[in-house]
1. Translational D (Stokes-Einstein, µm²/s) of segment 2-122 at 10 °C and 1.306 mPa s when Rh comes from the Kirkwood sum over C-alpha pairs?
2. Filter the cross-link list K29/K78; K34/K114; K79/K107 down to pairs whose alpha-carbon distance in this structure exceeds 19 Å.
3. Please say if segment 52-126 is rounded, prolate or oblate, where rounded means a/c under 1.5 for a ≥ b ≥ c the square roots of the C-alpha gyration tensor eigenvalues, and otherwise the choice is prolate for a/b larger than b/c and oblate otherwise?
4. When a/c is below 1.5 the answer is rounded, else prolate if a/b is larger than b/c, else oblate, so apply that to segment 23-67 with a ≥ b ≥ c taken from the square roots of the Cα gyration tensor eigenvalues.
Amino acid sequence: MIVLLSFVLGLISCNRADDDHANLIEVAKVLNLKTPLKVDKYCTLDSAVVGNKLKLTYYYTIDGIEQDNLDIDVDQAKKSLKSTTQSALDTLKAMSIFKKPITLHYKYNDRDGKHMFDYTIRTKSK
């Protein structure tokens, strides 16, 4: 997902506005043009929605785990994803288009729309 975010930020940086909220709306708009987007074997990005106060929420569906007989520790998956995503975000140079810290919220549902887990990360302050 970070690779896709980096690509989208690269695209909009050419038309860079000084308004962080406008940039966030543009990120969501570009991402939503590509949804649903299969991120990996089990995960699909369904949509991205901008909230107020510089918050971008990503909605994902996880599917196929049962068919592959995987036993997922949801707490461990959440912890691992949060840590990996935060580390990648902290080093993503494309985030420099934002002047203020951005909140990114990730929500994961199963194929029936039942909530599995979510987590929130923030970009570093400048």
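1. Numbers: Rh = 15.1 Å.
Reported coefficient: 105 µm²/s.
2. K29/K78; K34/K114
3. Details: a/c = 2.98, a/b = 2.06, b/c = 1.45.
Since a/c reaches 1.5 and a/b is larger than b/c, the shape of segment 52-126 is classed as prolate.
4. On the way: a/c = 4.26, a/b = 2.18, b/c = 1.95.
Cα axes put segment 23-67 in the prolate bin.
A short reminder: the numbers here are calculations on the coordinates, not readings from a lab. Since we're looking at a predicted model, the values are computed, not measured.
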